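A.B. asks: I am attaching a structure below and will ask some questions about it afterwards.
Read the figures in this text as sums done on the coordinates, not as results from a lab. Predicted, not measured: the structure shown is a model, and the values here were computed from it. Note: ideal-geometry Cβ built from the backbone for every residue, glycine included; neighbour counts use all protein chains shown.
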Amino acid sequence: MSDKDGHLRKAEHNLKFVKTFNLENTKYLDWAAVAIFYTACHYVDAYFATTGKLEFVNHGQRNDAVEDELSPIARQYLILFRAGHDARYKPYRVFSTRDLMDYEAVHLAQIENYILDLLNKLSS
């Protein structure tokens with residue numbers, strides 16, 4: 001998916017999935033962390049689709065591009081990247097409800113707001 005609008009639709013789709021979790025009671029906080037990360041991933045890919053820099057071979061390349069071109073949200077993005085990675089590959093990693101609430105309401109919200117504002121400015 002290399003178009004901005006497709007990535008925005010996928011981000012919205014993923015966010016709707018995240019909202020289905022009752023973070024207070026779910027046993028699947030790890031999957032919520034993964035979904036939150038991939039929501040952020042699609043927001044940044046929506047931006048990169050407008051720059052022609054969308055053909056990343058791996059997450060490391062995307063992470064570098066985020067640090068280089070989206071520095072105001074790089075910290076938030078990398079926090080979500082690490083959480084998503086840990087959820088997938090580190091069975092000993094335990095997430096708390098507070099972690100997930102912060103991932104969604106703080107880090108993801110900042111990424112979403114920044115990217116949507118940036119895209120709006122680019123289209124004006």
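A.B. asks: How big is D for the stretch 4-123, in µm² s⁻¹ as a whole number, if Stokes-Einstein is applied with the Kirkwood radius of its Cα pairs at 10 °C and 1.306 mPa s?
C.D. replies: Diffusion coefficient, whole number: 110 µm²/s.
A.B. asks: Which trypsin sites (Lys or Arg not before Pro) from the stretch 40-92 combine a DSSP loop assignment with at most 15 other Cβ atoms within 10 Å?
C.D. replies: Sparse-neighbourhood loop trypsin sites (Lys or Arg not before Pro): LYS53.
A.B. asks: Helix 109-123: angle to the longest alpha-carbon principal axis of the chain, degrees 0 to 90, nearest 10?
C.D. replies: 10
A.B. asks: Note the full-extension length gain between ARG82 and ASN58 as 0.36 nm times their separation in residues minus their Cα-Cα distance, in nm to one decimal.
C.D. replies: My answer for the length gained is 7.2 nm.
A.B. asks: Measuring from label point to label point, each 7 Å out along Cα→Cβ, what is the ASP3 to ALA105 span in nm?
C.D. replies: Result: 3.6 nm between the two label points.
A.B. asks: Order 103-113, 11-21 from most to least packed using the mean count of other Cβ atoms within 10 Å.
C.D. replies: My ranking of the peptides, most packed first, is 103-113, 11-21.
A.B. asks: If you don't mind, another one. What does the extension gain come out to for ASP68 and THR50, with contour length at 0.36 nm per residue minus their alpha carbon separation?
C.D. replies: Using 0.36 nm per residue and subtracting the Cα-Cα distance, I get 4.9 nm.
A.B. asks: Determine which lysines satisfy two conditions relative to LYS90: a Cα distance under 29 Å, and not lying fewer than 8 residues away in the same chain.
C.D. replies: Within the straight-line cut-off, LYS90 pairs with LYS10, LYS16, LYS19, LYS27.
A.B. asks: If one takes the longest principal axis of the Cα atoms in the chain, at what angle in degrees, from 0 to 90 and to the nearest 10, does the Cα axis of helix 59-69 lie?
C.D. replies: 60
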